[in-house]
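The values are calculated or read from the model by the stated rules, or taken from the named source; none is laboratory data. Everything numeric in this text was worked out from a predicted model, so none of it was measured. No Cβ is skipped: glycine too gets one built from the backbone with ideal geometry, and neighbour counts run over all protein chains shown. The accessibility values were calculated without ligands, DNA or RNA, using every heavy atom of the protein model including side chains. Shrake-Rupley method; radii C 1.70, N 1.55, O 1.52, S 1.80 Å.
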Amino acid sequence: MCTVLTDLCDMVQFNKARGVRLRQYVLSDEEWVALQQLHDLLDLFLFATKEISTSGRALVHQVIPYIDVLTSHVDNFKKDDALLPAIRAAAQRGRVILDKYYSLTDDSIVYRIAMILHPRYKMQYFRDQDWEEEWIAAAVDLVRSEWTTYYKVEAHDAAPRAPSASADVVSASAAPATNIASSSRSAPANNVSANDAQSSAHTSAAATGSGRRSAQRAARLPSSQALFATISNRSQAARQDELDAYLEAPPLSTVEDPLEYWDLVAKSSNSPLARMAIDFLTAQATSTDSERSFSHSRLTVSRLRHSLSDESVRTGTVLGSWSNIPELVPEAEVVQLLTDKSRKGKSRAAPAAAAPAGAEVIEIE
């Protein structure tokens, strides 16, 4: 490129007396060296900007790793004595700017929570980046606080036990049992009368059938599932906090897409932790997609369609954005819905009134 540009600037047609005179812009060899080193320094910034800005899904868990990569990059340039002083000074200035924006991630809990909920990162990523243990503990505390406040489901609220046949039997005999208990509380000293009442209750139960007593005994016995759970350790897994189990497990280095991972977990187990992870990991890193949607809505509300209601504009913008995702919007159903709506609008239009008999009709062209 150096030779091509130099030859271009030396051409006669670009150096006439009344022309632009490009020869004065020819770079020296030292300037070409500085330009090459500056290109090497800024090329990674250009790549990161394109990845974040042009990606269809730039998410918050990508922000901190990108800044870490850029920080390591400028540190290498800053320490390289073979580079020109101006390039090393530019790298130092870049490090200051990166530290400024890195510190801004502390203003929101989203960044650190999203990083820990990434199965490939967890806390190990921070340790690999030489974070102090105090900072890592603070990040884990943020995750625990958010988990216990908004997502954690207590054991007794997780899944109500389904009613069994024995429960119906117990409820059927609840009335006489209550009378027995109340009579015993009202007269505790009269043990004979209480025993007589209990004996009569058992006699009446035997008269109705012995199956009721066997059902009550079966209700007090542990179920087969509970007995085998002690072998498979399911009962201990159920008692363990889901977040604690996730944090204790090692990072999964094979996970590339955290949303795909947590989506599978949510579909297979209805996990509250999966819902929390999806909520945080789907947060956008930039406003690029929102700005594009806003620009697209400007095409919807043109000078010929400025009377659309806000609901119509919002619906059209959302559907237009969703239409870029394959099979998300059922196009055939949308077309049929719009067609039916158009037909209903035409049917509501009042027909032209017929002229009365004998009336004179005047046609206006």
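For region 305-323, filtered to residues that are of a type in the set (S, T, N, Q) and without any contact (Cβ under 8 Å) to a residue 24 or more places away in the chain, the residue that is most open to solvent (accessible area, probe 1.4 Å) is 307. In this structure, does residue 84 turn out to be at negative phi, touching a residue at least 24 places away in the same chain (Cβ under 8 Å) and open to solvent by less than 60 Å² (accessible area, probe 1.4 Å)? So residue 84 fails the test. Figure legend. Inter-residue proximity from region 125-149: first residues of a type in the set (Phe, Trp, Tyr), second residues surrounded by 15 or more Cβ atoms within 10 Å (Cβ to Cβ) and assigned to a helix (DSSP H, G or I), beta-carbon distance below 6 Å, spacing 6+ or different chains. Indicated pairs: 126/136; 147/243. Suppose we filter region 55-81 for residues that are acidic (Asp, Glu) and either in a helix (DSSP H, G or I) or open to solvent by less than 30 Å² (accessible area, probe 1.4 Å) (or both); how many remain? Residues flagged as acidic (Asp, Glu) and either in a helix (DSSP H, G or I) or open to solvent by less than 30 Å² (accessible area, probe 1.4 Å) (or both) within region 55-81 amount to 2. Here residue 181 meets the list (1) surrounded by 10 or more Cβ atoms within 10 Å (Cβ to Cβ); (2) under 30 Å from residue 270 (Cα atoms); (3) modelled with pLDDT under 95 almost entirely, failing just condition (2). Tallying residues that are under 26 Å from residue 57 (Cβ atoms), open to solvent by less than 70 Å² (accessible area, probe 1.4 Å) and more than 28 Å from the chain's Cα centre (by Cα) within region 288-304 yields 1. When region 279-304 is filtered for residues that are in contact (Cβ under 8 Å) with a residue 60 or more places away in the chain and of a type outside the set (Ser, Thr, Tyr), the ones remaining, listed by number, are 280, 281, 283, 284, 285, 289.
Residue 124 meets the conditions (1) open to solvent by less than 70 Å² (accessible area, probe 1.4 Å); (2) under 22 Å from the mean Cα position of the chain (by Cα) in every case but one. The failed one is (1).
Between a first residue in region 87-104 that is of a type in the set (Ser, Thr, Tyr) and a second residue that is open to solvent by less than 70 Å² (accessible area, probe 1.4 Å), which pairs have beta carbons less than 6 Å apart while being 6 or more apart in sequence or on different chains? Listed by first residue and then by second, the contacts come to 102/67.
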